[in-house]
Amino acid sequence: MSERLQPGDTAPDFSLPDADGNPVSLADRKGRKVIVYFYPAAMTPGCTKQACDFTDNLDVLAAAGYDVIGVSPDKPEKLAKFRDEENLKVTLVGDPSKETMEAYGAFGEKKLYGKTVTGVIRSTVVVGEDGAVLQAFYNVKATGHVAKLIKDLKI
């Protein structure tokens, strides 16, 4: 089980391919606040709802100085299809090796329908301009999470 991040920790840097195969890294966002959210799979009902919620609130988050990056174990081709079919505006990146997810504590044992399984733990980590973790949320719900996040961030 990977360690969960705590406020004040340095957010692990990453460089992952986006839906078009271009590298996206946390270091490129230095000086900006970044919401990094982890979800199990593109084009599934809960993950679609969550990605659409982030897209619907992207202007509000951007106006408050936040970039949003969604991370899943999907390959860029699937992310491109997901983005295009759902008209998503958030940056989606793929982590097929799950190394970044593990570094963020977003991959490991979780409960699914009463059973313990290993997989992606739906999580959101808010990173400050200096690269430090401001907040980390684990086992979040797909529905209503973005509204709660906006409230918690006092946006």
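The values are calculated or read from the model by the stated rules, or taken from the named source; none is laboratory data. Everything quoted here is computed from the prediction, not taken from an experiment. Glycine also receives a Cβ, built like all others from the backbone with ideal geometry; neighbour counts cover every protein chain displayed.
Tell me, please, whether a residue that is at pLDDT 95 or above, surrounded by fewer than 20 Cβ atoms within 10 Å (Cβ to Cβ), in contact with a Ser or Thr (Cβ under 8 Å, 6 or more places away or on another chain) and not in a helix (DSSP H, G or I) can be found in the range 7-14. Among the residues of the range 7-14, at least one is at pLDDT 95 or above, surrounded by fewer than 20 Cβ atoms within 10 Å (Cβ to Cβ), in contact with a Ser or Thr (Cβ under 8 Å, 6 or more places away or on another chain) and not in a helix (DSSP H, G or I), which makes the answer yes. Checking each residue in the range 123-137 for being in a strand (DSSP E or B) and in contact with a Leu (Cβ under 7 Å, 6 or more places away or on another chain) picks out THR124, VAL125, VAL126, VAL127, VAL133, ALA136. If you check ASP84, ASP67, ASP59 for being of a type outside the set (Phe, Trp, Tyr), within 20 Å of PRO17 (Cα to Cα), out of contact with any helix residue (DSSP H, G or I) (no Cβ under 7 Å at 6 or more places or on another chain) and without any contact (Cβ under 8 Å) to a residue 40 or more places away in the chain, only one passes: ASP84. Residues in the range 69-111 that are under 11 Å from the mean Cα position of the chain (by Cα) and among the hydrophobic types (A, V, I, L, M, F, W, C) were compared, and the one that is nearest to GLY128 (Cα to Cα) is ILE69. Which of the numbered conditions does MET43 fail, given that it passes all the others? Conditions: (1) over 13 Å from VAL125 (Cβ atoms); (2) out of contact with any Phe, Trp or Tyr (no Cβ under 6 Å at 6 or more places or on another chain); (3) of a type outside the set (Val, Ile, Thr). Tallying (1) over 13 Å from VAL125 (Cβ atoms); (2) out of contact with any Phe, Trp or Tyr (no Cβ under 6 Å at 6 or more places or on another chain); (3) of a type outside the set (Val, Ile, Thr), MET43 fails exactly one: (2).
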